[in-house]
Amino acid sequence: ENAPAIIFIDEIDAIAPKREEVTGEVEKRVVAQLLALMDGLKTRGQVVVIAATNRPDALDPALRRPGRFDREISFPVPDKRARREILQVHTRNMPLAEDVNLEKIAEMTHGFTGADLAALCREAAMYALRRILPKIDLDKETIPPQVLEELKVTMKDFTTALKDIQPSALREVYVEVPEVHWEDIGGLDHVKQQLREAIEWPLKHPEYFEEMGIEPPKGILLFGPPGCGKTLLAKAVATESEANFITIKGPEVLSKWVGESEKAIREIFRKARQAAPCIVFFDEIDSIAPRRGLRTDAGVTDRIVNQLLTEMDGITLLKNIVIIAATNRPDILDPALLRPGRFDRIIYVPLPDEKARLEIFKVHTRKMPLAEDVNLEELAKRTKGYTGADISALCREAAMTALREAGKPTKIHMKHFIKAMEAVPPSITEEDLKIYEEAMKAFKRFIS
């Protein structure tokens, strides 16, 4: 009747889901009606239907055939240049301080959509307002000009707002904002250097690798005894490379429903692509990717392994995405994961030696009120076989022992550390260590 006309259906996945996946008859009838109406559009002349969704895979496939929705246009997440232009639009009428660097903010906002950047600018402006609010008399109708002149949105407002605003792509997955730096991890210098070269350099300076014709590794497997800092290392590399960080605990993706576990893996990688540069960290990967045929769980883990292999082989390109996995049981992992092009680098994270233990003690006692008689070198010698986590627990126990004795904050003496050693023995036994050393020998050809 009103042609020429455009019909716009927003969030079409809400009314046209896959018919085989819905239980209600109403949804099925709506999809059937929509298909019938769209098939009749040719005879009705100048009518165009535009639909929007952020879940194209949830749509009924019949809608995506030629003659219905003929053209599919994907809107990617804005790149650095686009982010800078969006920031310029949203800060156009803002009183920006001289130190505000939109180029730098664009670099720091990987994975942010236009709406995320608008929210970031609003939040930064709110921080500036909160700062000046105590100087404003709310009972008066006008604000003095000298107070208004002070109202400037600074770079600090933007960096503070960044902690509150998360990219939309990552809101449904568990995203940590790690505040762990290399100096927060004692020892492991060899491992740190390898992670810098394999992850930090390619993400920060991709142009160097292009010029040299080098393909950076897709995946890195960290293995070694529990408590030696594998998770901490993954967090530190995410902080230092300024990448988004998605952490997946193995059991989180396991589901009793057929197909749900693989769907969870697909979704993780889809979100990582949207938020690139991104580090995806699988903690305890042996719980979801054991050797196929090893478990009697109706093939759930077998299907997860297959999906992981598919994603890592990059049918859809994994650009600026690095997968880090941690395990203390590399012997039960599926061997297909350890081939080149998947987990290219396998790094053994050993028990700390005396020098590393001293550094770990320094890290964990940095903010403690130590007495002059505390000898960290002596403690490092006495704690052979202790992991980083054991030393952290030992320092906590020593502080608690001192607090218990005095009943108030006081200095921690050497005797408190000696007493704490009785309460906190090493968590790795000699037998355990032999098992890890055997595993290391078995993986010698893979280990970097």
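The values are calculated or read from the model by the stated rules, or taken from the named source; none is laboratory data. Quick caveat, the model's predicted, so the values are computed rather than measured. Because the Cβ atoms are built from the backbone with ideal geometry, glycine has one as well, and the counts that use them run over all protein chains shown.
Here is how the numbers come out for the structure above:
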| read-out | value |
| --- | --- |
| The range 261-295: number of residues that are in contact with a helix residue (DSSP H, G or I) (Cβ under 9 Å, 6 or more places away or on another chain) and outside any loop (DSSP other than H, G, I, E, B) | 23 |
| Residue selected from the range 10-25 under the condition modelled with pLDDT under 85 and not basic (Lys, Arg), by the criterion nearest to Glu267 (Cα to Cα) | Glu21 |
| Tally of residues being under 26 Å from Gly114 (Cβ atoms), in contact (Cβ under 8 Å) with a residue 12 or more places away in the chain and more than 23 Å from the chain's Cα centre (by Cα) across the range 52-73 | 7 |
| Selection within the range 22-31 - out of contact with any helix residue (DSSP H, G or I) (no Cβ under 6 Å at 6 or more places or on another chain) and either polar (S, T, N, Q) or in contact (Cβ under 8 Å) with a residue 12 or more places away in the chain (or both) | Thr23, Glu27, Val30 |
| Among the candidates Thr296, Thr316, residue that is at pLDDT below 85, surrounded by fewer than 20 Cβ atoms within 10 Å (Cβ to Cβ), more than 28 Å from Pro76 (Cα to Cα) and not assigned by TED's automatic domain parsing to the domain that holds Glu107 | Thr296 |
| Extreme residue, modelled with the highest pLDDT, among residues of the range 133-188 that are small (Gly, Ala, Ser) and part of a helix (DSSP H, G or I) | Ala161 |
| Neighbours by Cβ (under 8 Å, 6+ apart or cross-chain): first from the range 359-377, part of a helix (DSSP H, G or I); second of a type in the set (Ser, Thr, Tyr) | Ile360/Ser392; His364/Ser392; Leu376/Thr365 |
| Enumeration of residues in the range 203-215 that are modelled with pLDDT under 85 and assigned to a helix (DSSP H, G or I) | Leu203, Lys204, Pro206, Glu207, Tyr208, Phe209, Glu210 |
| Some residue of the range 94-103 being touching a residue at least 12 places away in the same chain (Cβ under 8 Å) and in a helix (DSSP H, G or I) | yes |
| Tally, over the range 240-251, of residues that are buried (at least 18 other Cβ atoms within 10 Å of the Cβ) and either polar (S, T, N, Q) or part of a helix (DSSP H, G or I) (or both) | 5 |
| Only one of Asn2, Asn93 that is closer than 30 Å to Leu129 by Cα and among the polar types (S, T, N, Q) | Asn93 |
| Yes/no for Lys381 being touching a residue at least 24 places away in the same chain (Cβ under 8 Å), farther than 30 Å from Pro216 by Cα and outside the structural domain of Gly186 (by TED's automatic domain parsing) | yes |
| Single residue of Glu359, Glu397 found to be among the acidic types (Asp, Glu), over 22 Å from Leu222 (Cα atoms) and within 32 Å of the chain's Cα centre (by Cα) | Glu397 |
| Some residue of the range 75-88 being assigned to a loop (DSSP other than H, G, I, E, B), in contact with a strand residue (DSSP E or B) (Cβ under 6 Å, 6 or more places away or on another chain) and surrounded by fewer than 17 Cβ atoms within 10 Å (Cβ to Cβ) | no |
| Matching residues in the range 5-22 - criterion: being in a helix (DSSP H, G or I) and surrounded by 14 or more Cβ atoms within 10 Å (Cβ to Cβ) | Ile12, Asp13, Arg19 |
| Any hit, the range 264-273, residues being closer than 15 Å to Ala326 by Cα, surrounded by fewer than 19 Cβ atoms within 10 Å (Cβ to Cβ) and not small (Gly, Ala, Ser) | no |
| Test: residue in the range 104-121 that is surrounded by fewer than 13 Cβ atoms within 10 Å (Cβ to Cβ), in a loop (DSSP other than H, G, I, E, B) and not polar (S, T, N, Q) | no |
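One line per residue, one yes/no per condition, for (1) assigned by TED's automatic domain parsing to the domain that holds Ala371; (2) assigned to a helix (DSSP H, G or I); (3) at pLDDT below 90; (4) surrounded by fewer than 19 Cβ atoms within 10 Å (Cβ to Cβ):
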site: Ile391; (1), (2), (3), (4): yes, yes, no, no
site: Cys395; (1), (2), (3), (4): yes, yes, no, no
site: Ala398; (1), (2), (3), (4): yes, yes, no, no
site: Ala402; (1), (2), (3), (4): yes, yes, no, no
site: Lys408; (1), (2), (3), (4): yes, no, yes, yes
site: His416; (1), (2), (3), (4): yes, yes, no, no
site: Asp432; (1), (2), (3), (4): no, yes, yes, yes
